[in-house]
Amino acid sequence: MLARMSESAQTLDPEDRKIVTLARTTRARNAVPEGAAVRDETGRTYVAGSVALASLQLSALQTAVAMAVASGAKSLEAAAVVSEAEELAVADLAAVHDLGGPATPVLLAGPDGTVHTTTTAG
């Protein structure tokens, strides 16, 4: 089962705020439906937007996880998605789970950067 909690009930860590800001900036700059950022076990961040090609469809979070893997990341500390969606896609959580494990937090924020939920990759 997914753990969910409102960010209004907890203080957002500065490093988590950073990945939310990076995801939000990427979404706005690239004019894509969603932006995402992940932080690996060394503190490096990987930022991506949605990919919508005729031959390839990836969510922003799937793209960010793929970038981390391609760059040699062994694990994830956290992930963030900025989107108008009300919940995270199962495939997005699965990608984070594959690299980061079930306890990896995934933050979902609206376009204004307000974090609505934190969900573990389960």
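Could you tell me whether any residue of segment 12-26 is assigned to a strand (DSSP E or B) and modelled with pLDDT under 95? I'd like the intermediate steps shown before the answer.
As a first pass, look at segment 12-26 and keep what is assigned to a strand (DSSP E or B): none.
Scanning segment 12-26, I find no residue that is assigned to a strand (DSSP E or B) and modelled with pLDDT under 95, so the answer is no.
When you look at residue 76, is it touching a strand residue (DSSP E or B) at 6+ places or on another chain (Cβ under 7 Å) and open to solvent by less than 20 Å² (accessible area, probe 1.4 Å), yes or no?
Taking the combined requirement at face value, the residue satisfies it.
Looking at (1) in contact (Cβ under 8 Å) with a residue 40 or more places away in the chain; (2) under 17 Å from residue 116 (Cα atoms), which is the only condition residue 39 fails?
(2)
Search segment 87-110 for residues being of a type outside the set (Asp, Glu), touching a helix residue (DSSP H, G or I) at 6+ places or on another chain (Cβ under 7 Å) and surrounded by 14 or more Cβ atoms within 10 Å (Cβ to Cβ), and hand back the single one that is nearest to residue 75 (Cα to Cα). Explain how you work it out, then say what you get.
Taking segment 87-110 first, the residues of a type outside the set (Asp, Glu) are 88-91, 93-97, 99-110.
After this cut, where a residue has to be touching a helix residue (DSSP H, G or I) at 6+ places or on another chain (Cβ under 7 Å) as well, the list is 91, 95-96, 99, 104, 106-107, 109.
Imposing the further condition that a residue be surrounded by 14 or more Cβ atoms within 10 Å (Cβ to Cβ) reduces the set to 95-96, 99, 104, 106-107, 109.
On the way: 95: 11, 96: 9, 99: 5, 104: 9, 106: 14, 107: 17, 109: 22 Å.
Filtering first and then ranking leaves 99.
Which one of these is touching a residue at least 40 places away in the same chain (Cβ under 8 Å), assigned to a loop (DSSP other than H, G, I, E, B) and of a type outside the set (Lys, Arg): 113, 72?
Values: 72 fails: touching a residue at least 40 places away in the same chain (Cβ under 8 Å).
Of the residues listed, the single one that is touching a residue at least 40 places away in the same chain (Cβ under 8 Å), assigned to a loop (DSSP other than H, G, I, E, B) and of a type outside the set (Lys, Arg) is 113.
The values are calculated or read from the model by the stated rules, or taken from the named source; none is laboratory data. Model, not experiment: these values are computed from the prediction. Cβ atoms come from the backbone with ideal geometry, glycine included; neighbour counts cover every protein chain shown. Each accessible area value is taken on the protein alone, full model and side chains, heavy atoms only, with ligands, DNA and RNA left out. Shrake-Rupley method; radii C 1.70, N 1.55, O 1.52, S 1.80 Å.
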